[in-house]
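No value in this document is a laboratory result; all are computed from the given coordinates. Computed from a predicted model, the values in this text were never measured in an experiment. Please note: Cβ atoms are built from the backbone with ideal geometry, for glycine as well, and neighbour counts cover all protein chains shown.
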Amino acid sequence: MADAIGEGAEEAAWVRWMAGAPGLVAAFGWGLAEATFFFVVPDVGISLVAAVAPRRAWRHVVAAILGSLLGGALMFNWAARDVDGAREAVMHVPFVRARMFLRVDGSYAKHGMGAVYLGPLGGIPYKIYAVEAPEFVERGEFLAGTAPARGYRFALVWIVFGVAGRLLRRTLGRTDAQLAMWHGVFWVLLYAVYWGEILLR
């Protein structure tokens, strides 16, 4: 049961919403948005579902991958036609910096498509890899590599937050509402550090 130790019907309702079809649509849309012009990763939504309904969160991983794949295809095609226009548009996304494009180009030159797999380690948005890709890899190679490149991180988030949620329930007796609160605190702090680092560089 999604919230076997939840606090009541209200918590059960939002858990059902997040873990059900509306949450899947949201995960797909989030993957698409972050691959294009949104600046918060789909991991935030995936991790919340993983914490409160871990057995169903794999579907959100798949939905986010599909959304990312569509977004990546759109950005790749745009850059293939008008790379300057695509770059300029992505440069207006909050917390995107010109130096990120240079790092991505250097990584592509060194690693080829492997650069996309290394992206999460450097905190560089996927959308930049999609825009820079046409100069280094073919469309088919980029799209074929997008699913595993995005999926391994989403899957890791699912596993980590699923385990963390289960441990918090068993050891501290946390309810779904409390898990959501701690989840929010975690991501606010993480993004405060990440964005602060970008602004201070």
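For region 90-97, putting each phi into the Karplus relation 6.51 cos²θ - 1.76 cosθ + 1.60 with θ = phi - 60° gives couplings of 5, 4, 8, 6, x, 6, 8, 10 Hz, in residue order, rounded to whole numbers and with x for Gly and Pro. What is the angle, in °, between the Cα long axis of helix 58-81 and the longest principal axis of the Cα atoms in the chain? Nearest 10 is fine, range 0 to 90. So the helix axis and the longest Cα principal axis differ by about 20 degrees. Per-residue Karplus couplings for region 107-115, computed as 6.51 cos²θ - 1.76 cosθ + 1.60 with θ equal to phi - 60°, are listed in order as 5, 4, 4, 8, 10, x, 4, x, 4 Hz, Gly and Pro entered as x.
When Val25, Val157 are sorted by how many other C-beta atoms sit within 10 angstrom of their C-beta, beginning with the fewest, the order is Val25, Val157. Could you check the spin-label model distance between Leu121 and Arg201? Points 7 Å from the Cα along Cα→Cβ, value in nm. About 1.6 nm separates the two model spin labels.
Applying 0.36 nm per residue to the separation of Ile159 and Ala13 and subtracting their alpha-carbon distance, the gain on full extension is 50.2 nm.
Modelled label positions at Glu135 and Ala73, each set 7 Å beyond Cα in the direction of Cβ, lie 2.5 nm from each other. The 3J(HN,Hα) values that the Karplus relation (6.51, -1.76, 1.60; θ = phi - 60°) gives for region 133-141 are, in residue order, 4, x, 7, 10, 9, 6, 4, x, 5 Hz. Gly and Pro appear as x.
Remark: His60, His183, His92 ranked as His92, His183, His60, counting other beta-carbon atoms within 10 Å and listing the fewest first. As a calculated quantity, the FRET efficiency between Arg55 and Val193 at R0 = 22 Å, using C-beta atoms, amounts to about 0.10. Among Asp105, Asp84, the ranking by other beta carbons within 10 Å of each residue's beta carbon, starting with the fewest, stands as Asp84, Asp105.
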